[in-house]
């Protein structure tokens, strides 16, 4: 199927690892509307979004399980140029992405690859902290040559 108009999906997820698969499944289903999208591209986008959410749960909300912490997600699939935009919002602790060290790619480490992966898998990554919470904006162009 070829996408003819913009598609918008909004999710309001509890900030728990158990619900992150819902975002991945939604991304996959949304991208099925685009003819030229392959499984590797879908997986890479899912991985980037999952990494952002994992960091939100782990660092912004410190793995709290109180039921009040949420991750609000807006997925927008645009037909021209074909791209997926992912907006994520949380009300947890903020951070400065510039202070996050680059992972050591020569020696294996257990943690510290998330932000590196997000930046390398997506075409645009922006993080903003405001009084009402933290905002992530991810963009991935879905056609080759971008």
Looking at the range 20-40, which of its residues are over 16 Å from residue 75 (Cα atoms) and free of Cβ contacts under 8 Å to residues at least 40 places away in the same chain? 35, 38, 39, 40
Taking the range 114-130 only, how many residues are in contact with a helix residue (DSSP H, G or I) (Cβ under 7 Å, 6 or more places away or on another chain) and either exposed (fewer than 15 other Cβ atoms within 10 Å of the Cβ) or under 18 Å from residue 85 (Cβ atoms) (or both)? 5
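Read-outs throughout are calculated quantities, based only on the coordinates presented, and are distinct from any laboratory measurement. Please read all numbers here as calculations on a predicted model, not as lab measurements. As a convention, Cβ positions derive from the backbone with ideal geometry for all residues, glycine included, and neighbour counts pool all protein chains shown.
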